[in-house]
Amino acid sequence: MIKKGLAQELAVQREVLCFDKGWSFHLGDIPFPVVRGHSASYRNAKAGHAGGAAAPGYDDSSWRVLDLPHDWAIEGRVDPEANLSQGYYKRGIGWYRRKFKLQPEDKGKHIELQFDGIATHATVWVNGTLLHRNWCGYTSMYIDVTPYVTYGDRVNTVVVRVDADAQEGWWYEGAGIYRHAWLVKRSPLHVQTDGVFAHPVCRPDGRWELPVEVTLYNSGKQSADAEVEVALLSPEGKVVKEGTAHAALTPLREGVAKLSLPVENPALWSPETPILYKVRTSVKQNGCTTDEVVTRCGFRTIRFDKDTGFWLNGKNIKIKGVCNHQDHAGVGVAVPDALWEFRLRKLKEMGVNAYRSAHNPAAKEFMAACDSMGIMVLDENRLFNTSPEYVRQLEWLVRRDRNCPSVILWSVFNEEPMQGTENGYEMVRRMSDVVKRLDTTRPVTAAMNGGFFSEYNVSQAVDVGGFNYQIKSYDRFHALNPDLPLTSSEDGSAFMVRGEYVTDRSRNLMDSYDTQCANWGATHRDAWKAVAERPWMAGCFYWTGFDYHGEPTPFQWPSVSSFFGIMDLCGFPKMAYYLHQAQWIEDKPVLELVPHWNWPADSVGKPIKVMALSNADKVKLYLNGKLVSEQNVDPYEMNTWMVPYKPGKLEAVGYKDGKIVSRKKVETTGEAYCIRLTPDRNSLMGNGCDAMPVTVEVLDRKGRHVPTACHPIEFTISGPAKIIGLGNGNPNCHEPEKGNKRSLFNGLAQVIIQSTEEADGEICLKATSPGLQTATLVLPSVRKSIASFVPSVAEPLMLDKWLISPLYSDKPDVMQRVAENDMNSWQPSSGEINISMNKADYVILRTSFEPKSAHQKHGGKVVLRQVTGKAEVWLDGTCIGTKESEKTADFTVTFSEAGTNCELRILLCREKEKNVGMAGCMLKD
Ligand code: GAL
């Protein structure tokens with residue numbers, strides 16, 4: 001029988017609620033209590049009865065309260081005893097807990113809890129039941145919590161234990177719930193998470209089509225006939241095409257609805273024109289919309305050709321890519337969404353058109369930014385393994401990202417020792433098939449650094465061969481495998497420290513002239529030349545765009561972050577940035593000069609190496625107005641001069657076709673005089689999430705940037721914002737990345753600020769340093785609350801796991817002994833209690849619990865909600881209160897202290913043939 005109101009419940013449309021706020025956090029492990037004795041062992045094995053910190057009633061009142069995303073590793077200090085690969089940051093184990101309520105109207109909906117990324121191994125309990133274990137620090141968890149949650153006044157508890165001692169990489173991985181969490185409410189009949197596959201294809205005859213595949217789920221009790229309406233919306237929001245499909249779903253089963261929409265002359269997506277369409281998918285049952293989801297897609301063609309490399313929309317282009325890890329100065333891996341935009345913008349300005357998310361899936365907000373900003377993605381899986389759990393991780397990645405026009409390649413691994421073996425080949429063959437079952441529109445690659453010439457090797461199981469380094473093997477491999485399209489999947493690994501111009505390995509410093517690289521790598525210039533000169537090489541993915549914590553190759557402590565970046569950890573350009581601009585940007589003049597011109601007095605007369613990075617034909621160099629010399633630009637090597645130092649002005653002038661197209665000057669500055677703060681944007685959204693980097697530098701009296709300044713700076717912030725991280729790009733710096741102090745490194749530092757959720761207001765950031773003029777930055781914050789989030793509730797200890805005695809006609813001994821191994825004469829019950837008394841008059845409820853430490857010391861209240869019948873309340877063998885009236889009412893008793901393990905018994909007594917019961921019970925202050 002269909003319950004009244006079900007039709008309405010079915011018509012509920014999805015709510016996607018942010019679940020980031022108000023988590024309680026404990027750093028360190030909390031061992032589970034030792035389980036002893038029959039009764040405890042019996043209970044311990046039951047759903048809903050997790051013990052220790054996983055128990056809903058655990059006392060977390062002393063834990064720190066914080067919002068996600070959170071990375072606890074970066075909050076610590078670097079430690080020479082910790083792992084260099086992880087940036088010498090300690091990781092360890094941590095616990096998170098969060099309480100929330102669901103509305104009575106939510107009953108009947110499908111409720112899903114989602115975590116986008118937890119580093120590294122996570123165990124999740126909801127209301128005392130272990131619901132999920134995730135053994136990958138880079139994949140999402142979608143957990144159907146519908147059977148476990150409660151509604152109305154009753155509180156739900158989510159607990160996450162995070163083991164960040166588990167490592168999956170050789171780079172900084174962070175620790176904790178470092179991506180967003182969500183609570184999604186949907187109708188029982190709904191589109192599954194990541195359930196819409198809508199990726200346009202261009203048929204061989206040039207006609208465009210949008211095949212749409214919608215995976216539905218029916219968690220309801222009745223079979224359902226779903227009508228699925230799909231509309232393609234233009235970038236302006238107009239309906240371009242519509243179609244309908246059907247699927248029949250029995251309860252607790254999936255169903256797939258498929259259709260295809262022909263599309264005429266779509267506007268094409270490309271890095272220059274990242275045009276996105278929307279796909280609106282509505283699910284209807286009996287004419288009522290039960291779910292609606294909007295996804296994005298883009299129209300573009302891609303092709304990897306064995307002779308000519310990469311083609312986008314019929315145009316042969318080189319992939320100018322960079323590899324990156326996902327951390328940033330000051331915030332570690334807990335990167336606010338706004339910072340993705342900042343980082344991608346810096347890369348685009350450098351001429352990058354592609355990004356390899358090394359060596360793991362990126363955050364979904366990052367993928368969305370690549371789509372909307374026009375950056376192609378080599379989308380990489382983390383763990384090379386074909387067992388069911390790892391296949392599930394790969395499937396998740398493809399399902400999540402297959403609508404992204406930015407994704408042009410799937411990579412199943414990076415540098416696996418089995419790459420040159422039959423085992424490796426068999427594994428890749430299987431993983432490639434896993435991908436192909438879900439998406440045939442992009443080729444599969446694997447980033448190999450060896451095994452290319454073995455009889456069996458994984459290049460035989462991929463669509464595009466991926467080379468990590470091995471420049472010297474490019475030609476030989478191509479000659480032996482002329483039919484396999486090829487790309488460099490990783491190259492470079494050159495070293496540079498921003499603003500340093502002398503390599504001094506005793507001080508862990510690398511110069512900025514592109515002279516230093518790893519033994520297995522190449523300089524920026526050699527790596528690019530090897531790709532640029534071979535038409536069959538689709539492109540490059542330079543290691544790396546940004547520095548990252550950890551892997552301080554070729555050094556160890558005191559170096560704590562990488563030297564590979566084209567930009568430093570903060571996103572400040574090193575010389576390599578301008579080098580790539582000069583080589584990759586064609587449509588506007590590029591000209592940059594290194595080094596700075598602030599050399600000490602004893603350098604006068606000594607030759608200084610000067611380098612110009614330019615895309616002009618010719619560059620003339622002047623010192624203090626006198627021509628040093630002119631040189632034709634070598635587009636691969638660029639141009640260098642040895643110039644005897646003389647303070648003043650060094651100037652380069654770029655010529656193209658005989659005309660001046662660019663100028664760049666570097667001047668000797670005066671002493672540092674004042675601090676300058678430059679925000680990345682003009683305002684912050686006051687929603688508690690928006691964030692931006694602020695550049696910190698010092699200027700001389702004439703307002704010129706002092707490139708050698710290393711002053712300590714202290715910050716204060718007032719108004720609706722806080723400082724969430726600091727950095728300066730120095731790989732050898734050990735200053736904390738949290739707090740309010742940071743030294744400049746070679747003229748620069750970065751402070752990252754984040755809005756709070758107060759009313760509109762002015763943010764005031766002040767920077768001071770002894771001897772320098774203070775800088776004050778005033779920025780507006782415009783209040784904008786997060787449209788929808790689940791409030792966290794700080795609730796009293798709920799007592800809702802009861803054992804109910806047999807029914808008695810005569811008043812029983814409330815404290816009667818029950819055998820420890822008797823699990824059957826008293827009936828377990830949880831939550832609301834309604835007891836049908838038949839002819840009896842008395843019943844006893846009992847429960848055991850551990851009071852919060854404050855209650856143990858100072859006592860508290862036992863609050864019984866809506867008790868029907870008379871009641872006696874007994875705590876640890878003493879009657880502490882009696883409810884004389886049989887009317888349904890709340891009843892509160894106080895106690896002055898309690899033990900660590902308490903037993904509460906409640907005798908309920910009926911009158912006048914009524915049943916007895918209680919809506920809830922809690923311990924309050
Ligand atoms: C590669 C590896 C990268 C990084 C790089 C440093 O072999 O794929 O993750 O370690 O070397 O040069």
Q. Going down the table (99/436; 109/861; 315/348; 109/801), which pairs top 31 Å between alpha carbons?
A. 99/436; 109/861
Q. Say the cut-off is 29 Å between C-alpha atoms; which of 609/766; 320/741; 702/738; 107/284; 588/722; 241/318 go over it?
A. 609/766; 320/741; 702/738; 588/722; 241/318
Q) Rg to Rh for segment 791-925: what is it, with Cα atoms only and Rh by Kirkwood? A) 0.96
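Tell me, what is the percent relative contact order of the chain, built from C-alpha pairs under 8 Å that lie six or more residues apart?
Numbers: 2474 pairs, mean separation 84.2, N = 925.
That works out to 9 percent.
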**Q.** Cβ crowding within 10 Å averaged over residues, with 680-689, 184-193 ranked highest first
**A.** 184-193, 680-689
Q) Modelled label-to-label distance, residue 61 and residue 46, 7 Å Cα→beta-carbon offset: nm? A) 2.7
Q.
Can you tell me the length gained on complete extension of the stretch residue 130 to residue 460, counting 0.36 nm per residue apart and subtracting the Cα distance?
A. 114.6 nm
**Q.** In segment 843-925, the GluC sites (Glu not before Pro) that fall in loop regions by DSSP, at most 16 other Cβ within 10 Å
**A.** 884, 897, 911, 913
Q: May I ask you to order 600-612, 406-418 by the average number of other C-beta atoms within 10 Å around their residues, highest value first?
A: 406-418, 600-612
**Q.** Two-site FRET efficiency, residue 302 against residue 630, from Cβ-Cβ distance with R₀ of 41 Å, rounded to 0.05
**A.** 0.45
Q: Would you compute, for the Cα atoms of the chain, the largest minus smallest coordinate along each principal axis and list the three values in descending order, in whole Å?
A: 111, 71, 53
**Q.** Using alpha-carbon coordinates, inclination of helix 575-584 to the longest axis of the chain, degrees
**A.** 80
Q: Averaging sequence separations of C-alpha pairs under 8 Å and six or more residues apart, then dividing by the length of segment 222-337, give the relative contact order as a whole percent.
A: 20
Q | Sorted peptide list for 486-493, 281-288, criterion being average Cβ within 10 angstrom, highest first | A | 486-493, 281-288
(Q) Taking 0.36 nm per residue of sequence separation and subtracting the Cα-Cα distance, how much length would be gained by fully extending the chain between residue 430 and residue 29, in nm to one decimal? (A) 140.6 nm
Q: Any chance you could give the angle, 0 to 90 degrees and rounded to 10, that helix 422-438 forms with the longest Cα principal axis of the chain?
A: 70
Q) Which distance in nm do the two modelled labels at residue 915 and residue 437 give, with both placed 7 Å along the Cα-to-Cβ direction? A) 4.8
Q | FRET efficiency for residue 820 and residue 878, using Cβ-Cβ distance with R0 set to 30 Å, rounded to 0.05 | A | 0.90
(Q) Give me the one-decimal nm value for the distance between modelled label points at residue 718 and residue 759, 7 Å along each residue's Cα-to-Cβ direction. (A) 1.7
Q.
Can you compute the FRET efficiency between residue 519 and residue 480 using 1/(1 + (r/R0)^6), with r the Cβ-Cβ distance and R0 = 30 Å? Round to the nearest 0.05.
A. 0.75
Q: Could you pull out every one of the aspartates and glutamates with an alpha carbon less than 13 Å from that of residue 784, ignoring same-chain neighbours closer than 8 positions?
A: 690, 757, 758, 760
(Q) To make sure I understand the rule: partners must be aspartates and glutamates, Cα under 14 Å from the Cα of residue 656, and not fewer than 8 residues away in the same chain. Which ones qualify? (A) 586, 587, 617, 630, 634
Q | Candidate lysines - alpha carbon under 20 Å from residue 839, same-chain residues fewer than 8 apart omitted | A | 811, 870, 887, 912, 914
Q) Got a sec? How would 743, 561 order by Cβ neighbour count within 10 Å, fewest to most? A) 743, 561
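Each reported figure results from applying straightforward, stated rules to the coordinates on display, with no laboratory input. The model shown is predicted, which means the values in this text are computed figures rather than measured ones. Positions of Cβ are backbone-derived with ideal geometry, glycine not excepted, and every protein chain shown enters the neighbour counts.
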